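Trainee: Structure below; questions to follow.
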Amino acid sequence: MSNTLLQATLDAFKTTHHLTLPERYARFLTVQRDATEITTPEGDVIYLFAHGDLLERNNTYAIQQVEPEYLLIGQDGDLGYFIHGKSRSETIYRQDLGALGALPLEPVAKSIDQLLT
């Protein structure tokens, strides 16, 4: 899928779900051609989605049906990583995908930049 088509698809997704991407995360997403793997200081490996994966994973896991204000941006096994898509907050959250909607999301980083370092 071309970058233009990916961006148009992402824009349509955001409009449909009334989501707004935080500035730093939007900037990160615009430069990512492929998914990014990062290793946390604890040794966990987080797979941060690129455009196509971002849309596919949110649809596959029906994220907006369970947590309509959040966007799944990455994954480490059964742990999902999220941003709040309604507040422009840069905070990154995580939650077990099996417990989504049942427990509050846990803040893990102040921004995508902090998560990447």
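The values are calculated or read from the model by the stated rules, or taken from the named source; none is laboratory data. Computed from a prediction, not measured in an experiment: that's the story for all the values here. Every residue, glycine as well, gets a Cβ built from its backbone with ideal geometry; the counts of neighbours run over all protein chains shown.
Trainee: For the stretch 20-40, name all the residues that are within 16 Å of S111 (Cα to Cα), aliphatic (A, V, I, L, M) and in contact with a strand residue (DSSP E or B) (Cβ under 6 Å, 6 or more places away or on another chain).
Mentor: Correct list: I38 only.
Trainee: Also, quick follow-up: Of everything in the stretch 22-53, what is in contact with a helix residue (DSSP H, G or I) (Cβ under 7 Å, 6 or more places away or on another chain) and among the aliphatic types (A, V, I, L, M)? Give them in sequence order.
Mentor: Correct list: L29, A35, I38.
Trainee: Additional query: Only one of (1) more than 11 Å from the chain's Cα centre (by Cα); (2) modelled with pLDDT under 95; (3) surrounded by fewer than 19 Cβ atoms within 10 Å (Cβ to Cβ) is not met by Q64, so which one is it?
Mentor: (3)
Trainee: Could you figure out which of (1) under 21 Å from S87 (Cα atoms); (2) of a type in the set (D, E); (3) touching a Leu at 6+ places or on another chain (Cβ under 8 Å) isn't true of E37?
Mentor: The number of the failed condition is (1).
Trainee: Just need a number here: residues in the stretch 10-24 that are at negative phi and either outside any helix (DSSP H, G or I) or at pLDDT 90 or above (or both).
Mentor: Going through the stretch 10-24 one residue at a time, the tally reaches 5.
Trainee: Count, please, the residues in the stretch 27-73 that happen to be free of Cβ contacts under 8 Å to residues at least 24 places away in the same chain, assigned to a helix (DSSP H, G or I) and touching a Phe, Trp or Tyr at 6+ places or on another chain (Cβ under 7 Å).
Mentor: Of the residues in that region, 1 qualify.
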